[in-house]
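Peer 1: Take this structure, written in structure tokens, and hold onto it; I'll ask about it next.
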Amino acid sequence: MLFRNYIVIFIFFMVSFLIFPQINGYFFYGELCENCRDDEIRFNSILREKLPAAKRNKYSCNFYIYNIYEITGRSIYESITDDLGIDRRQLEMPLVILNGKILQGYDNIIANIREIFFNAVDQMH
């Protein structure tokens, strides 16, 4: 009986994922100081300016923020770039990966994140 409940829950989440696709954005930065969060604060500020929560919340989306000098951040960074076939030697921090697109550096992120986000929304629908 317990096993069947797990299967029902699993099927529910899989169907939900297929019916309600999600946009995932990843912000990676390299901060050696574990207590320093300047990049994280700056990226959140960019999100508030370029993609206010009222606009983002209309769609199923998440932005994840990772420091590549932390174990978890490094692991996720390597996994995502490997999955996308991206040569990490060509990348510079900070960077955003959104819908398979890469934005490197704050100027590029600020200039293009809104367009790439709404292109991802268009592709979902």
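Every number in this text was worked out from the coordinates using simple rules, so none of it is lab data. Quantities reported herein were computed from a predicted structural model and do not represent experimental measurements.
Peer 1: Based only on Cα atoms, what Rg/Rh ratio does region 23-124 have, Rh being taken as Kirkwood's radius?
Peer 2: Numbers: Rg = 13.1 Å, Rh = 13.9 Å.
With Rg and the Kirkwood Rh in hand, the quotient comes to 0.94.
Peer 1: Continuing with the same structure: Of all DSSP beta bridges in region 23-124, what percent run antiparallel (nearest 5)?
Peer 2: Within region 23-124, antiparallel bridges account for around 55 percent of the total.
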